[in-house]
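S.K.: I have a structure here, written as structure tokens, and I will follow up with some questions on it.
Where a number appears in this text, it was derived from the coordinates with a stated rule and is not lab data. This is a predicted model, so every value here is computed, not measured. We place every Cβ from the backbone using ideal geometry, glycine too, and count neighbours over all the protein chains shown.
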Amino acid sequence: MKKLKFLSIFIIAAMLAGCAAQTADNSATATLSGTQAVQTGAASDASTSTSEAQNTQTQGQASSDATAAIKTSPAGVSGTQTSGDDSEGENISKLENGPLNRTVVQIGDWVYFLHVYAMDIAETLRINLTTDRMETVNDDNMYNMTYGDGWIYYVHYGSAYKNDDVNILDLDDIRISRIRPDGTEKGADTKLSYDIDNNFVYDDYLYALVFAPFSQEDNDNMPIRMKLNEDGSIGEPEALFEDTDIRAYTMTQYNGWIYFTRSNNYSGSLNIAEEDYGLYRCKPDGTGLEKVSGQVKYTFFIADDWIYYCERDDAESEENALYKMRIDGSDNTLIYGDIHNQNIYLNYMGGWIYFENADEQGDLPELHRIRTDGTGLQKIDTGDYLFTGDIIGNYIILYSKNDELCVMEMDGSDIETIGPSRYYIIE
């Protein structure tokens, strides 16, 4: 399995990434490569509860002015959700993003995306899906955007430098900041010693995974969190676990628990035992760590108390299959078992799972969708357009040959170009 990560304006690199329960001493503190590890309580031995109320993964809900202060979870909304009644009777906007989105964010009627329009200049734009109005939100590059508490949190890179007469971003100058969805109240920067991805906001913290596959510290895939302070600043990164050998491939929040699939670091130097891979959950402070299933090892999402994931039929297989299981790890069920490519994009919206599949001859993967009960399999013809795994509200996000932002109806009809090229095209 692979996950995409933009390493610079011009380079898109797909990097390979895939917990044994540990207890923590009270108020344990450790330091690794500038990251403080914090756990304030002993790990709980409580068994997995199935009495939690139904809840879909959600990245947040926006008011009509897109600045409502609310608590959110990391990923997409299935169905319509609102942030509450408006005292003036105005319509409350909804936010719908696929749980595994990576490159765009929808807030209300607005879609936010990065636009690189010169060799060393980038800006972040938004376009209104109702009026087609497009405007600049930030004159800076905003990568790994996530929405929470009325703010967009994002990673951006420092001043560019010249290498072999090509200006590229300075990947040694990585910062995280926040901004209101309308482009106002741009926050102060917090400098990071490494890149991050898989960001989400929950309970006054920003959670993320370290993305540093070539770092000397070897801290790639480490789960971290940063305090969102009342003064608008973002605190220093803290390792989520005292045991800093615990690494994750995918991480999310659901019903007050942090769920993640345990992984190795990029170099593989941690030598994680095969039996320690799998899906785990813990409390937001890293305590109460427990294993949910050994079958979920890489990418997954959660919707309506079901965990959906893609996994090989067996270790020797060249094929993948789609599965689901209940939130407590029971009732593991095959949804679809005829996926011929090992590395696929996977996402979800409105009761449908979207994924890529190649034919048996190994041609380029094509976009498909299937209902969560395994019915309604449909191939969606994207033509010459590229699907990068992102889904919003009523649209599938595509990019044209010239990297222009496009939207497609969920059933595969009506492709429309809505934005300029993401990247500066070198002739």
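S.K.: Which of S400, S177, S263 has the fewest other C-beta atoms within 10 Å, and how do the rest follow up to the most? If you can, show how the numbers build up before the last one.
M.R.: Working: S400 15, S177 21, S263 25.
Going from sparsest to densest Cβ surroundings: S400, S177, S263.
S.K.: Can you sort D231, D304 from fewest to most other Cβ atoms within 10 Å of each residue's own Cβ? Walk me through the numbers on the way to the answer.
M.R.: Numbers: D231 6, D304 13.
Sorted ascending by nearby Cβ count, the order is D231, D304.
S.K.: Could you list I391, I179, I258 in order of exposure, starting from the residue whose Cβ has the fewest other Cβ atoms within 10 Å?
M.R.: So the residues, fewest neighbours to most, are I179, I258, I391.
S.K.: Report the gain in length on full extension from K191 to R175: 0.36 nm times residue separation, minus Cα-Cα distance, nm rounded to one decimal.
M.R.: Details: separation 16, 0.36 × 16 = 5.76 nm, distance 0.44 nm.
Stretched out fully, the K191 to R175 stretch lengthens by 5.3 nm.
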